[in-house]
Amino acid sequence: MMRALLLSAMWTCSFAFAQSSVLFDAPVKITAEAKAGAGVTVLDLAMNQVTHEFRVTVLQRGNAAEALAAERARSGWKDGFLFIRDDCQPASEEKRAWRCVFDHVFTFVDAREGKRLVNVGEVFAGDDCVEEAKVGCSLYRGTFTDIYDALENIALVGRADSPALLIEMHVTSGEFVIDLDETWGRNQERFSAGERCLAARRSERAEFCTEGINPRRAYLFNSALAIYTKRADALQRIQASARTALCDEKSETECSEILRWSALILGSIKPGGKPRSRGNVQSVVLPVVLPPAPPAPPPPAK
């Protein structure tokens, strides 16, 4: 919503100028038209592949020249995948989404006409790529790491307590596919820390509930991970500690309400679900330009 309002405001403003540039020439030509606003520049990108092209609008900070330079430094190819950087440009850091800085990912697939560029989807850019001008930090040895953000803005819990699961994905036939086993393994360090916290007596929590983990956060995260990755045995074990984790020093009425809203939160998780999509990549079929018809043969001589 914030991104849509920002784009709408920038489009209705008078831009100082529009600047066109070629970001990359090969293996796909990518052109950009920059429209600078107040501290943020809208970049309209086009990726042309003869018969069709992808068009996407992204945001970068600074004037047109600065934004083009930033986009060129943060976009590019890695291990056969094209990463196009985008940024939600939040009004304040408190409202920055978990996946605020992300990449549109493209790759080639085999088609009848040869190699065809396809839009794989979106992925969180990765902390290293947010802090520095790097490309493809989410991809490591054929696996993409993203964040399951369906629980990010649930009113019943604060953002600090909302479970942010790391999810592992592979690309099959040009699409992201969630790997539940690798996702389970990827989160084991946090899951194990949560188990230690949940198992601790109240007098032991200072020792076993560390690094910002408390019983409530541990319960929500571990339950969410077990539901998302379809670990029924682990979920049953975690839920046995629900009252201890959520109802410490609460009345029975308060506890019943807390257990009710925790069930609502966890019930909204879709096992193996993908993160939310920004959905602003367009695929456009380009008109076929036919060669001019040969001249008509002269009439036969009489």
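Here are the numbers for this structure:
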| read-out | value |
| --- | --- |
| Some residue of region 135-158 being touching a residue at least 40 places away in the same chain (Cβ under 8 Å), assigned to a helix (DSSP H, G or I) and not hydrophobic (A, V, I, L, M, F, W, C) | no |
| Checking residue 48 against (1) touching a residue at least 60 places away in the same chain (Cβ under 8 Å); (2) within 23 Å of the chain's Cα centre (by Cα), the condition it does not meet | (2) |
| Residues (under 25 Å from residue 69 (Cα atoms) and either basic (Lys, Arg) or assigned to a strand (DSSP E or B) (or both)) located in region 96-117 | 96, 99, 101, 102, 103, 104, 105, 106, 107, 117 |
| Selection count, region 74-110, where residues are surrounded by fewer than 15 Cβ atoms within 10 Å (Cβ to Cβ), among the small types (Gly, Ala, Ser) and either modelled with pLDDT of 95 or more or touching a strand residue (DSSP E or B) at 6+ places or on another chain (Cβ under 9 Å) (or both) | 1 |
| Residues of region 206-259 satisfying the condition of being over 30 Å from the mean Cα position of the chain (by Cα), surrounded by fewer than 16 Cβ atoms within 10 Å (Cβ to Cβ) and either part of a loop (DSSP other than H, G, I, E, B) or among the acidic types (Asp, Glu) (or both) | 207, 240, 248, 249, 250, 251, 252, 254, 257 |
| Options 156, 139, 117: the member that is within 24 Å of residue 59 (Cβ to Cβ) and more than 18 Å from the chain's Cα centre (by Cα) | 117 |
| Within region 54-73, tally of residues that are surrounded by fewer than 20 Cβ atoms within 10 Å (Cβ to Cβ) and part of a helix (DSSP H, G or I) | 6 |
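The values are calculated or read from the model by the stated rules, or taken from the named source; none is laboratory data. Keep in mind the model is a prediction, meaning the values are calculated, not measured. Here Cβ is always computed from backbone atoms with ideal geometry, including for glycine, and neighbour counts include all displayed protein chains.
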